[in-house]
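What follows is a set of notes on a single structure, which appears directly below.
The values are calculated or read from the model by the stated rules, or taken from the named source; none is laboratory data. Owing to the predicted nature of the structure, the values given are computational and were not obtained by experimental measurement. No Cβ is skipped: glycine too gets one built from the backbone with ideal geometry, and neighbour counts run over all protein chains shown. Heads up: the accessible areas ignore ligands, DNA and RNA and are worked out on the full protein's heavy atoms, side chains in. Shrake-Rupley method; radii C 1.70, N 1.55, O 1.52, S 1.80 Å.
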Amino acid sequence: MLGPLERLLAIEDIKRLKARYFRLMDGKDWVGFAELFSRDASFDVQGALEENPGPSQEPIRGRAAIVDYVRRGISPITSAHYGHMPEIDILTEDSATGIWALADILRMPDGAPFARFLGYGHYHERYVREEGAWRIAALKITRLMVETA
């Protein structure tokens, strides 16, 4: 059973994990980015880019597959992702959940159907402590609003 201090330290560790997620993704540091995920992590991409997602897609499974998916999507664009107001619950010594308010700005390459994408929504995540470090075990993005120009 974790005491109050251990809970607060775990929450701070998870906040730092998510800060690295945004920085490494936007900086296109794919080696560092991979280390943020558990070996068997899953990424539910349903709704990751649109307000009203279409037909169901299977989640992406595994650290390497997630990094490959994000790299292919982010590499041709300039991005700035922000996470705010985390709601983190420490469930056990080695597991936690979190919801983060999300804002992202994507500047698209020449020839894309639009020049800029502004998205707002939430990250819904599950974390595990693996090899002594907190890692993202499951990730889902839900969108409240998307603006393109």
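Details
- Overall, the accessible surface of region 1-138 at a probe of 1.4 angstrom is composed of carbon and sulfur to the extent of 55 percent.
- Residues with amide H under 5 Å from that of GLU130, placed H, sequence gap 5 or more: ARG135
- Positive minus negative residues near GLU12 (Lys, Arg vs Asp, Glu; Cβ under 15 Å): +2
- Net charge of Cβ neighbours under 14 Å - reference LEU2; Lys, Arg +1; Asp, Glu -1: -4
- Stokes-Einstein translational diffusion, region 9-149 - Kirkwood Rh over all Cα pairs, 1.306 mPa s, 10 °C, in µm²/s: 103
- Other-chain or far-sequence residues with amide H under 5 Å of VAL45's (modelled H): ILE60
- Computed extension length for ASP110-ARG71: 12.2 nm, one decimal, from 0.36 nm per residue of separation with the Cα-Cα distance subtracted.
- Accessible area per residue, Å², the chain with all protein chains present, probe 1.4 Å: 56
- Calculated Rg and Dmax of region 1-76 using C-alpha coordinates, Å: 14.9, 46
- To the nearest 10, the accessible area of LEU36 is 10 Å² with a 1.4 Å probe.
- The candidates TRP30, TRP100, arranged from most to least accessible area with a 1.4 Å probe in the full protein assembly, appear as TRP30, TRP100.
- Taking only the C-alpha atoms of region 68-149, the Rg (one decimal) and the largest Cα-Cα distance, Dmax (whole number), read 15.3, 49 Å.
- Debye, to nearest 20: dipole size of region 1-64, +1 on Lys, Arg Cβ, -1 on Asp, Glu Cβ: 260
- Rounded to whole numbers, the Karplus 3J(HN,Hα) couplings from phi for region 60-74 are 7, 10, x, 3, 5, 5, 5, 4, 4, 4, 5, 4, 4, x, 8 Hz, using 6.51 cos²θ - 1.76 cosθ + 1.60 with θ = phi - 60°, and x at Gly and Pro.
- Heavy-atom accessible surface of ARG63, to the nearest 10 Å², is about 50 Å², with a 1.4 Å probe and all protein chains retained.
- Hz values of 3J(HN,Hα) by residue in region 28-37 - Karplus curve (6.51, -1.76, 1.60), Gly and Pro given as x: 6, 9, 6, 5, x, 4, 4, 5, 6, 9
- Applying both filters, DSSP loop and at most 12 other Cβ atoms within 10 Å, to the GluC sites (Glu not before Pro) of region 90-144 gives GLU93, GLU131.
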